[in-house]
1. Only residues that are β-branched (V, I, T) and within 30 Å of S76 (Cβ to Cβ): list them for the stretch 109-147, please.
2. Restricted to the stretch 278-312, and to residues that are touching a helix residue (DSSP H, G or I) at 6+ places or on another chain (Cβ under 7 Å) and surrounded by fewer than 22 Cβ atoms within 10 Å (Cβ to Cβ), which residue is farthest from V260 (Cα to Cα)?
3. Quick one: which of D229, D255 is within 25 Å of I271 (Cβ to Cβ), modelled with pLDDT of 95 or more and out of contact with any strand residue (DSSP E or B) (no Cβ under 8 Å at 6 or more places or on another chain)?
4. Which condition number in (1) buried (at least 22 other Cβ atoms within 10 Å of the Cβ); (2) closer than 17 Å to T107 by Cα is the one that V34 fails?
5. Could you tell me whether D202 is part of a loop (DSSP other than H, G, I, E, B), without any contact (Cβ under 8 Å) to a residue 40 or more places away in the chain, over 22 Å from the mean Cα position of the chain (by Cα) and assigned by TED's automatic domain parsing to the domain that holds A347?
6. In the stretch 71-118, how many are over 20 Å from A24 (Cβ atoms) and in contact with a strand residue (DSSP E or B) (Cβ under 8 Å, 6 or more places away or on another chain)?
7. Can we say F118 is touching a Gly at 6+ places or on another chain (Cβ under 9 Å) and either crowded, with 18+ Cβ neighbours inside 10 Å or part of a loop (DSSP other than H, G, I, E, B) (or both)?
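The values are calculated or read from the model by the stated rules, or taken from the named source; none is laboratory data. Source: prediction; values computed, not measured. A quick note on method: Cβ atoms are made from the backbone with ideal geometry, for glycine too, and the neighbour counts reach across all protein chains shown.
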Amino acid sequence: MLEGKTILLGVTGSIAAYKIAYLASALKKQHADVHVLMTRNATNFINPITFETLTGNKCLVDTFDRNFQFQVEHVSIAKKADVVMIAPASANVIGKLAHGIADDMLTTTIMACRCKKFISPAMNTNMFENPIVQDNLKTLEHYGYEVIDPAVGYLACGDTGAGKMPEPETLLSYIMRECACEKDMKGLKLLVTAGPTQEAIDPVRYITNHSSGKMGYAIAKMAMLRGADVTLVSGRTAIAPPPFVKVVPVVTAKDMYEAVTAVSKEQDIIIKAAAVADYRPAKVSDEKIKKKDDDMSITLERTDDILKYLGEHKPDGQFLCGFSMETQNMIGNSRVKLTKKNLDMVAANNVKMAGAGFQGDTNVLTLITQDEEVSLPLMSKEDAASKILDRILFLRVTGK
């Protein structure tokens, strides 16, 4: 997703410097062109050869090193950069950058960059909380840097508190959000539902389904990467929530109904990917129901139809997409749902088809509107999510 992007990593003197090797490797796996700049102090914690091996580019440390191409190196790399991330960022380098001091390859290059700059402080808790360091960070924010809050935990010095550099996966998410996708959804509010609901029978047992939530989570992630303001209303899943997304956890169909309807009118796009229970026990026992020798039956009642409510109360300009999971007559049943619930589009699949349906990492979808049916081949759920968003944006623009 970062193919053609140039990422500059600035590494300063901190024990956390070794973690940036993992970040550099992850960026290369995303096909980014990665350049690493190090302070002299940083080379005491990790050897530049490590970064050169991982990135395929010379690791720059010495401003006056003549062993590089003819261009003024710190200027030429600065012009190419799409994103700069200084991680770990020491108090020393934070102070330099905040006050325009450029006395080594790292600071001179960053001063010449006009792209987005992230800075991830990593230091002793007392140093991080020092008013001077905090003022310097505020100064950098004033000049357009985005400061990544340090994690709280056990530090190399033996203290416990703020100052720990976030894990490479977290740092990568900031870079991905910035430049992985065109921001064609910037300014749009999108709500997506995901996962199963659970309807209690007694304090121990409940009724649910096989939904993993992967499809809804993929939609939330891809919409976030494209610049949307995303709210994810999710039943219980085993998936880590996508970063930079507002997550509203729910359990029951009633919970989801209340969470969705509370914010539905302010959304530009709603995608209902959750597998919501159609029925719940009419009576929930306060005590565990004991096993008996004879049969037991449970009286069920209908849950609130969230999609029907949204279709009936859809404001002008809002795009409403539902999901239809079928085992037979997929197109026919989905078209009935499209009309009956006043939807703009239905993403339909047949759970009996290989690669489609619950739990898996792939899906096979047909996108159905009043005028057409677009069949998608087997693909990852993230790719399917992108196709859904592409189609929605096209239909919003064309008004079809």
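1. First, pick out the residues of the stretch 109-147 that are β-branched (V, I, T): 109-110, 119, 125, 132-133, 139, 147.
Passing the criteria: T109, I110, I119, T139, V147.
2. Looking only at the stretch 278-312, we keep the residues that are touching a helix residue (DSSP H, G or I) at 6+ places or on another chain (Cβ under 7 Å), and these are 280, 303-304, 306, 309-310.
Filter again for surrounded by fewer than 22 Cβ atoms within 10 Å (Cβ to Cβ), leaving 303-304, 309.
On the way: T303: 14, D304: 12, Y309: 10 Å.
Among residues in the stretch 278-312 that are touching a helix residue (DSSP H, G or I) at 6+ places or on another chain (Cβ under 7 Å) and surrounded by fewer than 22 Cβ atoms within 10 Å (Cβ to Cβ), the one farthest from V260 (Cα to Cα) is T303.
3. Numbers: D229 fails: out of contact with any strand residue (DSSP E or B) (no Cβ under 8 Å at 6 or more places or on another chain).
When all the criteria are applied, what remains is D255.
4. Every listed condition holds for V34 apart from (2).
5. Values: part of a loop (DSSP other than H, G, I, E, B): yes; without any contact (Cβ under 8 Å) to a residue 40 or more places away in the chain: no; over 22 Å from the mean Cα position of the chain (by Cα): yes; assigned by TED's automatic domain parsing to the domain that holds A347: yes.
For D202, the condition - part of a loop (DSSP other than H, G, I, E, B), without any contact (Cβ under 8 Å) to a residue 40 or more places away in the chain, over 22 Å from the mean Cα position of the chain (by Cα) and assigned by TED's automatic domain parsing to the domain that holds A347 - is not met.
6. 3
7. Numbers: touching a Gly at 6+ places or on another chain (Cβ under 9 Å): no; either crowded, with 18+ Cβ neighbours inside 10 Å or part of a loop (DSSP other than H, G, I, E, B) (or both): yes.
No: the conditions fail for F118.
For (1) of a type in the set (D, E); (2) farther than 27 Å from I201 by Cα; (3) assigned to a helix (DSSP H, G or I), each residue gets a yes or a no:
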{"site": "G216", "(1), (2), (3)": "no, no, yes"}
{"site": "A223", "(1), (2), (3)": "no, yes, yes"}
{"site": "V230", "(1), (2), (3)": "no, yes, no"}
{"site": "V233", "(1), (2), (3)": "no, no, no"}
{"site": "P241", "(1), (2), (3)": "no, yes, no"}
{"site": "K254", "(1), (2), (3)": "no, no, yes"}
{"site": "Y257", "(1), (2), (3)": "no, no, yes"}
{"site": "A262", "(1), (2), (3)": "no, no, yes"}
{"site": "I271", "(1), (2), (3)": "no, yes, no"}
